[in-house]
Amino acid sequence: MWSRVLALALLPTAALAFPLPDRPVARVVSPIWADEDSRDSAGEVTTVIKRLGIKAGQTVADIGAGSGYYTVRLSPVVGPGGRVIAEDITPRYLDRLKSRVRRAGLGNVRFVLGGVSDPKLPAGAVDVALMIHMYHEIQQPYALLWNLRRSLKPDGLIGIVDLDRGTERHGTPRALLACEVGAVGYKLVSITDLDSGYLAVFRAGPPVDPASIKACRGQQ
């Protein structure tokens, strides 16, 4: 069983079959979730950094970085010995973010153009992967989460921030999120209430065979 799972991990994503989500997928409508001043006032970033133990020297992936709200705030936290990887699937969002990072003089930010089923992050490099108010927009969450595992360090964490409401309304019910992420072999560590929804933290458990992954049903 383990040898099969490890062998599958070496195959390209296109060679594997993953279920599609059994619920609506929200459309990407903007690189900005809300205005930055109101988000700062809510203290979301501070809570997320604290709960995930993000610190100097770490590599943090901002998946679906959009306008870079988290990217530019994480950069000074991880410091010159750390790295922020700003990932997005929309080239024009990354181009704008590159300009923002350059103007801010942030030298520890790297950029990755990901795909709908694979964030295409460097293997074994990521301490913390963040998905902030965008999980409900992922077209192939099971494939993306499975491919993300390759990029995490052995003790790496995933932090997902979303609203506790239907995916068609740009949120993800907590139970549905736990089900979908858990189906790919991740273990729920904690869920924390935020003014802007909730933060769910996951750690990778034993790898699973993609053929065994079943889509979670509907809005749980």
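The values are calculated or read from the model by the stated rules, or taken from the named source; none is laboratory data. Keep in mind that this is a model prediction, so the values were computed, not measured. Please note: Cβ atoms are built from the backbone with ideal geometry, for glycine as well, and neighbour counts cover all protein chains shown.
Say whether the condition of being among the acidic types (Asp, Glu), surrounded by fewer than 18 Cβ atoms within 10 Å (Cβ to Cβ) and either at pLDDT 95 or above or more than 14 Å from the chain's Cα centre (by Cα) (or both) is met by at least one residue in segment 170-189. No; the residues of segment 170-189 include none that is among the acidic types (Asp, Glu), surrounded by fewer than 18 Cβ atoms within 10 Å (Cβ to Cβ) and either at pLDDT 95 or above or more than 14 Å from the chain's Cα centre (by Cα) (or both).
Within the span defined as segment 28-48, every residue fails to be hydrophobic (A, V, I, L, M, F, W, C), in contact with a strand residue (DSSP E or B) (Cβ under 9 Å, 6 or more places away or on another chain) and farther than 18 Å from Ser196 by Cα. Just one residue in the set Gly115, Gly156 is under 26 Å from Lys55 (Cα atoms) and of a type in the set (Gly, Ala, Ser); that residue is Gly156. For segment 191-220, give me each residue that is more than 19 Å from His136 (Cα to Cα) and touching a strand residue (DSSP E or B) at 6+ places or on another chain (Cβ under 9 Å). Scanning segment 191-220 gives Arg203, Ala204, Gly205. The residue of segment 29-62 that is modelled with the highest pLDDT, among those that are touching a helix residue (DSSP H, G or I) at 6+ places or on another chain (Cβ under 7 Å) and more than 26 Å from Leu188 (Cα to Cα), is Glu36.
Yes/no per residue for (1) in contact (Cβ under 8 Å) with a residue 12 or more places away in the chain; (2) in contact with a strand residue (DSSP E or B) (Cβ under 8 Å, 6 or more places away or on another chain); (3) within 23 Å of Asp155 (Cα to Cα); (4) among the hydrophobic types (A, V, I, L, M, F, W, C):
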site: Arg83; (1), (2), (3), (4): yes, yes, yes, no
site: Glu87; (1), (2), (3), (4): yes, yes, yes, no
site: Pro91; (1), (2), (3), (4): yes, yes, no, no
site: Ser99; (1), (2), (3), (4): no, no, no, no
site: Arg102; (1), (2), (3), (4): no, no, no, no
site: Gly105; (1), (2), (3), (4): no, no, no, no
site: Leu113; (1), (2), (3), (4): yes, yes, no, yes
site: Ala125; (1), (2), (3), (4): yes, yes, yes, yes
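The single condition among (1) at pLDDT 95 or above; (2) over 22 Å from Ala123 (Cβ atoms); (3) of a type in the set (A, V, I, L, M, F, W, C) that Leu74 does not meet is (2). Of the residues making up segment 158-169, those that are surrounded by fewer than 22 Cβ atoms within 10 Å (Cβ to Cβ), outside any helix (DSSP H, G or I) and not acidic (Asp, Glu) are Leu163, Arg165, Gly166. A single member of Asp162, Asp127, Asp118 is in contact with a Gly (Cβ under 7 Å, 6 or more places away or on another chain) and over 20 Å from Gly57 (Cα atoms), and it is Asp162. Do you know which of the residues in segment 199-220 that are surrounded by fewer than 19 Cβ atoms within 10 Å (Cβ to Cβ) and free of Cβ contacts under 8 Å to residues at least 60 places away in the same chain is nearest to Leu52 (Cα to Cα)? Result: Arg203. Can you pull out the residues in segment 134-157 that are touching a His at 6+ places or on another chain (Cβ under 8 Å) and under 16 Å from Leu121 (Cα atoms)? Hits for segment 134-157: nothing passes. Looking across segment 54-68, the residues that are more than 15 Å from Val112 (Cα to Cα) and either acidic (Asp, Glu) or free of Cβ contacts under 8 Å to residues at least 40 places away in the same chain (or both) come down to Lys55, Ala56, Gly57.
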